[in-house]
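One structure is given here, and the rest of the page talks about it.
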Amino acid sequence: MRLPKFRYIEPKSIEEASAFLLDEPGAKILAGGTDILPNMKHRVELPSVVINIKKIPELNTIRQDNGVIRIGALTPLKKVYESPIIAENLSALSSAASSVGSYHHQTMGTIGGNICQQNRCKYFNQSQWWRSARPTCFKAGGEICHVVNKEEVCYSAYSGDVAPALMVLDAIIILQSKDNSREMPLDMLFSGNGKAPLNLKEGELLTEITIPGKAKDGFSTYLKSANRESIDFPIVGTAFWASIKKKEYRVAFTAVDRKPLRGGSVEDFLKGKDLSEEVLEEASQIASKEASPVKTSVYSPSYKRKMMGLLLRSAIQEAMGREK
Amino acid sequence: MKKGIELKINGDNYEVLISPNNTLLEVLRDKLGLMGTKQGCDLGACGACTVLINGEAYLSCIMLAMDAVGKEIMTIEGIEEDGLLHPLQTAFVEKGGLQCGFCTPGMILTAKTILDEEEHPTEDTIKKKMSGNLCRCTGYKKIVEAVMSVSEQTGEGA
Amino acid sequence: MENELNVVGQRLPMHDAAAKAKGTAQFTDDLTFPGMLHGRILRSPLAHAKILRIDTSKAEKLPGVKGVVTGQDIPDRLYGIVPKARDEYALARDKVRYIGDDVAAVCAIAPEIAEEAIELIKVDYEELPAVFDPFESKKDGAPVIHEGIKNNTSFAIKKEFGDVKKAFAESDAIFEDTFFSQAVNHAPLEPHAAIAQYDPLKGEVTIWSSTQIPFFLRRNLSNTLQIPESRVRVIKPKVGGGFGQKIDMFAKDFCAAWFAMHLGKPVKFIYDREEVFISTRQRHPMYITVKTGMKKDGTILAQKFQSYADGGAYNSTAPTMMALSCFFLMIPYKVPNLFYEGYHVYTNKPVGGAMRGHGIPQARFAVERQLDLMAGRLGLDPAEIRLKNSIHAGEPHSAGFVINTCGFSESVKKAADAIGWKEKRGKLPFGRGVGLAGASFPSGVSNMSHISSGAVVQVGQDGAVNVLSGAADIGQGAETVISQIVAEELGVLLEDIRITAADTGITPLDPGTFGSGVTVRAGNAARLAALEAKEKLFEFVAEKLEANPEDLIAKNREIFVKGSPGTVMTIKDAIKGYQYADLPMPIVGRGSWMAPTDEPTTLFEQDGNFAPNYSFMTQAAEIEVDLVTGQVKLLRMVTAHDCGRPINPMLVEGQLEGSVVGGMGQALYEDVIVEKGQVMNPSFLDYGFPTFLEMPQIETIGVETDDPIGPFGAKEAGEGTQLSPAPAIVNAIYDAIGVDFMELPVTPEKILKAMEEKGK
Ligand SMILES: Cc1cc2nc3c(=O)[nH]c(=O)nc-3n(C[C@H](O)[C@H](O)[C@H](O)COP(=O)(O)OP(=O)(O)OC[C@H]3O[C@@H](n4cnc5c(N)ncnc54)[C@H](O)[C@@H]3O)c2cc1C
Ligand code: SF4
Ligand code: FES
Ligand code: FES
């Protein structure tokens, strides 16, 4: 399967990259390429220009700065989970990063690319010929959706492993364009629109992810359910952060909605409570109602809902009896 | 639009005319005749096309050839030392770590990165790091044994 | 020492292992030829439609395109691996029957141009109603998939052995259960490929193809392209796994040859992974109902077996597959009275074909599951019930199989012991369990037309031995095993053998790699050839050593006299002497071998001894169910296998280990999911066959028998072990959580659901 044709550019700085993005609305960023290139082979992404940002030197770093952990967007996932600061203090992030695809994807794939990856759908991540057996769906440029029979809405599922982990760690992202830079909580990056999942302004790149020092004061974990222990995207992924002392908890899910989802109701329920068997059962019940997944994958929505609860249950169990 | 690039493969520099949309796998196989790198799925999900880029395992079917410029590329053709089989190659042969051999070049290269990173990896580490290399013939057991046996040889003055 | 084997029975690496490890072993896609063109197939996006018109003009005009071909251009000849079931055209002629059916092909100077050109072909279809379920498909009034095939049932088999009615009447317990086995893809790592070249002076087409059946491919190419068989040469390069999927021919073979003939240039076709999933073959989904009558003590008196195979759009191996699933119900257990009815039903879906076990895994899943169910109902031990019903060497088989050697009951005992059956069955904590299941498989096929192999052995001036064999090594090591057999017979070492295999222009006839017949059939042919060569040499040496030729033994590159190892001559010297004695060189031996049978067996029409010999095996599994997520982990699988005397224990183990992991995939992970005729997971990402991380602990136990027919006592080891891992695992799941699963695969979703229902 050949890649479509495109113009190829290697900017040396963020400004240069941003200028290209502004110039050419059909341009796309290439980081590790492990998400975008298969999509291009499938002809569901057809950038006129491919901007390879990997030659921008400063984006492949992990630093600690006044307790804040700063991760450059081009940092490979492997470097993320092998970093002692992260492995020792932010286990949600290290387990999420080490659960992505296989070792190859963790070596090639970047944290920025993982966060910014395309949404997925069983009718979308297919070859052009495969998709020609049905009318073109909305996300691929047509008018209908094969999953939910509503016009002009796409329900494709955000399926990245890392975003939910970062969300429970209260990560802030830095977006940069030619002459602008802004910060926002990671949650705000995701639009909830399956067709255009990211709230990026024209010319903007994700350059850095920062994790506040406070995140280290809690216990955190990321649990993933998938068909196989390697290669596969999550059927459901659940991230959990807990400060046992302060009785504060954060929960996030992936692969259940158009964006990675914070578990608002379950967080409200847990807030101020000590973790116990009863709390855990109820939290699990609530969690399974946090999202209404649809049939974007071969796994049934009811199974996904069930797994949301069950994974959270296991995560809470892990947290019980921890010091932090 | 074609573009002339230089790729450093197995220590040699190759000048080659490519299109930006060529993957590294296409260039290795179709343009340079380095047929040891295999295409099993062409979508980054089987590891048959594994090559080493600056010593790390990459999937050449989802990597642009342009992206490999300026990097050290190693394919299975470059793993032999002084014309002798690499110990991993010998181990795969002797332990029965291959059957049809289609997954083998990728397996051996991934295994090399594992042993380069860590002299004595645990069986679990080997399995985890090799899990992106699919094999439909062997059931994996003898591959793990082959890699373990090389790891056991090193550091024993062997 | 004289009777000791030197080469056979040794754990030797494959003769081409180093080439594979170096990456220099050449698979079809690794071959290139000057001026080579690249082909690609246009596939149907519709499940069922008439082809009204194909407009190729735009594609033809694309610069770089050298040819476009449609079904109408190719002679009106059906092809098929089973002659009586031919129902497929090289490219669809007037109708497409599934999403993925071959419609047209292009060839161009570069693959990317061929890819582009395909999209420029315009096909006008008239869509027809499609049917995706075999039970709908066999109803009156269902859409007709192939003209003239009533109820879309292309093959039906009904057989009765013994007196079933009477036996049921005599039974203490009768139960009926229904099972389902899903579609499984073989997923060989090497996608299917072909390259063809034409010599206009000789009028000869040469094709390099990733195939398991060079000689069948030759015949079908000859028939379809209307050229004599002698003008078709099929060469099999290294093949990157087959598992049965390459026991067929495909559009790529016909189109490569057609283009080569018409354009005079070499043409290469390689399938994308997606095409391998959708447009080649898969294991038939099968719906099975088994009714079994037993005595109180667990003795099987009668079985009634009904199966519906969802065949997809074409027949492929349908009749053979159905027949195998029938006849192998009576082995490894004695079933004195059997009524079997099986139907192969067309649907507008991907095509079923031979896959490791070929119709038997589905049947075994049903039977081995039901044995456990029956044991539970009668309060018997599942291992005991298997031992009770085990067939033994010399015992009669209802359809006439001749069982010369049989290690089945020993395999049950050994597997049960190794897994810790007595201590564990029913005694492990909730969530953990053990289960076992048995099976038997033929080592090839007796006496059906063309099921015979030839070999030529030539001993050269320097003592090096050249073997010509038609056997198709697809990665299992057939060439190595044959070389070992020749080396042993001639008394040389493996490294003295050079084998050329599977080139229909050079090597003798061989049916190919299927039915696990290669070692026994091609191995025996090679052994006969080696023997003939050896006899010639021995006649000369006997004179020199003043002994009887019958008293000579060749071993370890030497020939010596039985009983006096001092009277010896090296093989090298023997050959030198032979030459100087002006005896005709080279020394050539020829062998042809077919399984001995008294009467012809064709399976479909005639019962009898189906195979030269039969392997027997038991798998025992220990599993753990994650009670939270429902995920089943196969912790350990013991496989005790009677493959006679293994020619190469290391290669046998490799076959068994691969089969165990494949069978585990079938049990727990793999499923070709089809929605309205469209495969939803045609990729290695979405079709999840096991990785390193799913691999269980595997223990292989040899159960040796010395078979009188197999070469050096050998029997098959290629497929048998893939028959029963799935039922063993599912039986273990019952032991772990008390739920009986009747359908494959057993996914975490199903486990959770079942546990919830049980909790209610
Ligand atoms: C077989 C297979 C299995 C996989 N399994 C998983 C899995 O289990 N879990 C998982 O999460 N992912 C999985 N992936 C997807 C992918 O490998 C990872 O998500 C990876 O981390 C993506 O990173 P990348 O750098 O390769 O992204 P790229 O492909 O380079 O980029 C992905 C997207 O993000 C955009 N982008 C990249 N960097 C930036 C930036 N700095 N600013 C703005 N936009 C940017 C790109 O334009 C593109 O749209 C799998 C992929 C394959 C092929
Ligand atoms: S959810 Fe609907 S619109 Fe979105 S990718 Fe899937 S089919 Fe297309
Ligand atoms: S061919 Fe590249 S991963 Fe399969
Ligand atoms: S040896 Fe055949 S795929 Fe691994």
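The values are calculated or read from the model by the stated rules, or taken from the named source; none is laboratory data. A quick note: this is a predicted structure, and the numbers were derived from the prediction, not measured. Neighbour counts are summed over all protein chains in view; Cβ atoms, including those assigned to glycine, are modelled from backbone coordinates with ideal geometry. For the accessible areas, the whole protein counts, side chains as well, though only heavy atoms, and no ligand, DNA or RNA atoms are used. Shrake-Rupley method; radii C 1.70, N 1.55, O 1.52, S 1.80 Å.
Observations
- Considering only chain C, percent of DSSP beta bridges that pair antiparallel, nearest 5: 75
- Gyration tensor (alpha-carbon) shape descriptor, segment A:1-45, a/c threshold 1.5: prolate
- When the square roots of the Cα gyration tensor eigenvalues are ordered a ≥ b ≥ c, the ratio a/c for chain C is 1.5 or more and a/b does not exceed b/c, which makes its shape oblate.
- Result for chain A in a Gaussian network model with C-alpha springs under 10 Å: among A:Thr136, A:Thr254, A:Thr210, the largest mean-square fluctuation is at A:Thr136.
- Efficiency of FRET from Cβ geometry, C:Lys676 and A:Lys289, R₀ 41 Å, rounded to 0.05: 0.85
- DSSP-loop GluC sites (Glu not before Pro) across segment C:145-219, with at most 14 other Cβ within 10 angstrom: C:Glu147
- Accessible area in square angstrom per residue, the protein assembly as shown, 1.4 angstrom probe: 34
- For chain B, relative contact order (Cα pairs under 8 Å, six or more residues apart, normalised by length) works out to 23 percent.
- Computed lengthening from C:Asp163 to C:Leu78, 0.36 nm per intervening residue step minus Cα-Cα distance: 26.6 nm
- Other residues within the sphere of radius under 11 Å centred on the Cβ of A:Met307, judged by their own Cβ, net out at +4 (K and R +1, D and E -1).
- Estimated [θ] at 222 nm from DSSP helical runs (n ≥ 4, -39500 (n - 2.57)) normalised by residues in the protein assembly as shown, nearest 500: -8000 deg cm²/dmol
- Accessible surface buried at the A:B interface totals approximately 2600 Å², computed with a 1.4 Å probe on protein heavy atoms.
- Buried solvent-accessible surface, both chains (B, C), 1.4 Å probe, Å² to nearest 100: 3800
- Ranked from largest, the principal axis spans of the Cα set of the protein assembly as shown equal 98, 74, 73 Å.
- By the rule of a C-alpha distance below 23 Å, with chain neighbours fewer than 8 residues away ignored, the lysines paired with C:Lys427 are C:Lys388, C:Lys413, C:Lys414, C:Lys633, C:Lys758.
- Under Karplus coefficients 6.51, -1.76 and 1.60, residue-wise ³J(HN,Hα) of segment A:257-270 in Hz, glycine/proline x: 7, 6, 9, x, 10, 6, x, x, 5, 6, 5, 4, 5, 6
- Across peptide A:45-51, the mean count of Cβ atoms from other chains lying within 10 Å of each residue's own Cβ comes to 1.
- Cα gyration tensor shape for segment A:1-93, rounded if a/c is under 1.5, else prolate or oblate: oblate
- Those GluC sites (Glu not before Pro) in segment B:1-81 that DSSP places in a loop and that have at most 15 other beta carbons within 10 Å: B:Glu80
- Counted charge near C:Thr705, where neighbours are those whose Cβ lies closer than 11 Å (Asp, Glu -1; Lys, Arg +1): -3
- Average beta carbon contacts from partner chains per residue of B:55-67, 10 Å cutoff: 6
- Expressed to the nearest 5 percent, the antiparallel share of DSSP beta bridges inside the protein assembly as shown is 80 percent.
- Unit charges at the beta carbon, dipole of the protein assembly as shown: most positive-side option, A:Ile316, C:Val459, A:Ala87: A:Ile316
- For the segment A:94-107, counting C-beta atoms of other chains within 10 Å of every residue's C-beta and taking the mean gives 5.
- Charge dipole of chain C (Cα centre as origin; +1 on each Lys and Arg Cβ, -1 on each Asp and Glu Cβ, all else neutral): 760 debye, rounded to the nearest 20.
- Within segment A:1-90, the trypsin sites (Lys or Arg not before Pro) that combine a DSSP coil assignment with at most 14 other C-beta atoms in a 10 angstrom radius are A:Lys5, A:Lys12.
- Radius 14 Å from Cβ of C:Gly264, net charge of other residues (Lys, Arg +1; Asp, Glu -1): +1
- Label-point gap, in nm, between C:Asp133 and A:Ser191 - each point 7 angstrom along Cα→Cβ: 4.0
- Cβ-derived FRET efficiency at R0 35 Å, C:Lys58 paired with A:Ala87, nearest 0.05: 0.05
- Pairwise alpha-carbon distances in segment B:87-154 exceed 21 Å for 9% of all pairs.
- Distance violations [Cα-Cα > 30 Å] among B:Lys3/B:Lys112; C:Lys139/C:Lys159; C:Lys61/C:Lys349; A:Lys41/A:Lys295; B:Lys128/C:Lys750: B:Lys3/B:Lys112; C:Lys61/C:Lys349
- Dipole orientation for the protein assembly as shown: of the candidates C:Phe179, A:Ala283, C:Leu221, A:Ala283 has the Cα lying most toward the positive pole (charges on Cβ; Lys, Arg +1; Asp, Glu -1).
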